[in-house]
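Data block below; observations after.
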Amino acid sequence: MKILIGTNNENKLEQFRRIFKNFDSDIELVSLKEAGIIDDVEEDEDNLLANARNKACFYGEKSELLTLADDTGLFVDILGGEPGVHAKRWHGGTELDRNNKLLERLKGIPEEKRTCRYTGFLVLYDPRTKEFWEYKNDIEGLISDEFRGELGFGYDPIFKLKDGGRYGELIDEERDTISHRGLGVKELLKFLGRKKDK
């Protein structure tokens, strides 16, 4: 079985490759580049699920392959949910610029009031049946002033888990036990296994 990974983000692609491999999956993952697709899908919806569905559907129809896509946002409660759905485009510049902008917005607010969550959706689209499979996961945390860890990307260096751990310091295996990609792929493989048995 082949599954196209509907992302141009190399970090996400590598995560998916590692996760599927760790589950000893015999599924062959195909990148957009390998499928000859150079298009980018505009993530212009106002919710993560719609963005993930749009990407999965667009790339699935174009490739005629089962397609897996995802979308993630960071929601800070005291900022009314910002950066939110458009976490990457919430502020221009680099990832460091966005982290610094977020900390600037939270200046003077004690850490215990900086509650937030990473919300992620995983969507599989089947272009033959036009059906979607969907998975959602939240990771609760706090925004810290202290930058720690070089193992993640995005807002990971300032994302502090509720147990005190730092998302940017998690090794791959630890990250996969709590992330929407790690947990979602596990559920997806169960779903595909049941589908195959029918």
Open item on the list: Among the residues in segment 22-44, are any within 22 Å of residue 175 (Cβ to Cβ), modelled with pLDDT under 95 and assigned to a helix (DSSP H, G or I)?
Closed with: yes
TODO: Considering (1) buried (at least 17 other Cβ atoms within 10 Å of the Cβ); (2) closer than 20 Å to residue 179 by Cβ, say which one residue 114 fails and leave the rest.
DONE: (2)
Task: Hits in segment 1-21 (condition: in a helix (DSSP H, G or I) and either charged (D, E, K, R) or in contact with a strand residue (DSSP E or B) (Cβ under 9 Å, 6 or more places away or on another chain) (or both)) - done: 10, 12, 13, 14, 16, 17, 18, 20, 21
TODO: Look at segment 181-198 and say how many of its residues are more than 16 Å from the chain's Cα centre (by Cα), among the small types (Gly, Ala, Ser) and either modelled with pLDDT of 95 or more or outside any helix (DSSP H, G or I) (or both).
DONE: 0
Open item on the list: Of everything in segment 150-175, what is outside any helix (DSSP H, G or I) and more than 19 Å from residue 88 (Cα to Cα)? Give them in sequence order.
Closed with: 161, 162, 163, 164, 165, 166, 170, 171
Task: Single condition residue 140 does not satisfy, out of (1) touching a Cys at 6+ places or on another chain (Cβ under 9 Å); (2) acidic (Asp, Glu); (3) within 21 Å of residue 6 (Cβ to Cβ) - done: (3)
Task: Checking residue 145 against (1) farther than 22 Å from residue 24 by Cα; (2) within 17 Å of the chain's Cα centre (by Cα), the condition it does not meet - done: (2)
Open item on the list: Looking only at segment 81-99, count every residue that is part of a loop (DSSP other than H, G, I, E, B), modelled with pLDDT under 90 and of a type outside the set (A, V, I, L, M) and tell me the total.
Closed with: 8
Task: Hey, residue 33 basic (Lys, Arg) and surrounded by fewer than 15 Cβ atoms within 10 Å (Cβ to Cβ) or not - done: yes
Task: residue 178, sole failed condition from (1) more than 24 Å from residue 58 (Cα to Cα); (2) assigned to a loop (DSSP other than H, G, I, E, B); (3) modelled with pLDDT of 95 or more - done: (3)
Open item on the list: Please go through (1) assigned to a helix (DSSP H, G or I); (2) within 14 Å of residue 73 (Cα to Cα); (3) not small (Gly, Ala, Ser) for residue 119 and return the number of the only condition it doesn't satisfy.
Closed with: (1)
- [ ] Look at segment 146-159 and say how many of its residues are of a type outside the set (A, V, I, L, M, F, W, C) and either at positive phi or surrounded by fewer than 21 Cβ atoms within 10 Å (Cβ to Cβ) (or both).
- [x] 6
- [ ] State the number of residues belonging to segment 115-140 that are of a type in the set (Asp, Glu) and under 20 Å from residue 61 (Cα atoms).
- [x] 3
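The values are calculated or read from the model by the stated rules, or taken from the named source; none is laboratory data. Computed from a predicted structure; not experimentally measured. Every residue, glycine among them, receives a Cβ derived from its backbone with ideal geometry; neighbour counts consider all protein chains shown.
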